[in-house]
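What follows is calculated from the coordinates using simple rules that are stated; it is not laboratory data. If you're wondering where the values come from, they're calculated on a predicted model, not measured in any experiment. Using ideal geometry, Cβ is built from the backbone for each residue, glycine included, and neighbour counts are taken over all protein chains shown.
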């Protein structure tokens, strides 16, 4: 077997492995980030008074209402991400909360990381870490191992049935 042939065989094997791993990428992203949001949302509810006080200290309006909304969104949105249900919507909503965190609670760390004037890098600023997989899920969706995929496949099948019936 020539070296060129060996490399062709290795390339084929590589792409087979990539094909097997590809559906796992969005699933793993959803599981990790969804679980993290469920945990942070539960933490906000368990320490609701502290959460309200913190929201007040960073100048958020209606701190109690915002704390209840964000805690609920994190729990419900996190569960939805784990299931792959409404993934694009919940990823977008949770992304908005991360942007608000970057503009308020983590502003100094974020600006310092961007400009190099702080003691943190972007990977040290937690909302940035949370934001990256959320943006990816907004752009590419829940993937084939999700409730979203099941419903979209069923919807396409129903649309095809209606088209055939109308023809």
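Quick look at the numbers
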read-out	value
Nearest 10 degrees, 0 to 90: helix 3-21 Cα axis against the chain principal axis	50
Relative contact order of the chain, pairs being alpha-carbon contacts under 8 Å that are 6 or more residues apart, as %	24
GNM result for the chain, Cα springs below 10 Å: residue of 44, 120, 12 fluctuating most strongly	12
Helix 126-140 vs. the chain, principal-axis angle (Cα, 0 to 90°, nearest 10)	40
Between helix 87-103 and the chain: long-axis angle, C-alpha atoms, 0 to 90°, nearest 10	40
Selected from 42, 147, 58 as most flexible by GNM, with the chain as the system and alpha-carbon contacts under 10 Å	58
Inter-probe distance in nm under a simple model that places probes 7 Å from Cα toward Cβ, at residue 99 and residue 123	2.6
Computed lengthening from residue 160 to residue 132, 0.36 nm per intervening residue step minus Cα-Cα distance	6.5 nm
Cα-only radius of gyration and Dmax that characterise the chain, units Å	21.3, 72
Value of relative contact order over the range 75-165, rounded to a whole percent, pairs C-alpha under 8 Å and six or more apart	34
Between the range 50-78 and the range 117-136, the alpha-carbon center distance in angstrom	20
Fluctuation leader among 148, 106, 50 - the chain, Gaussian network, Cα springs under 10 angstrom	50
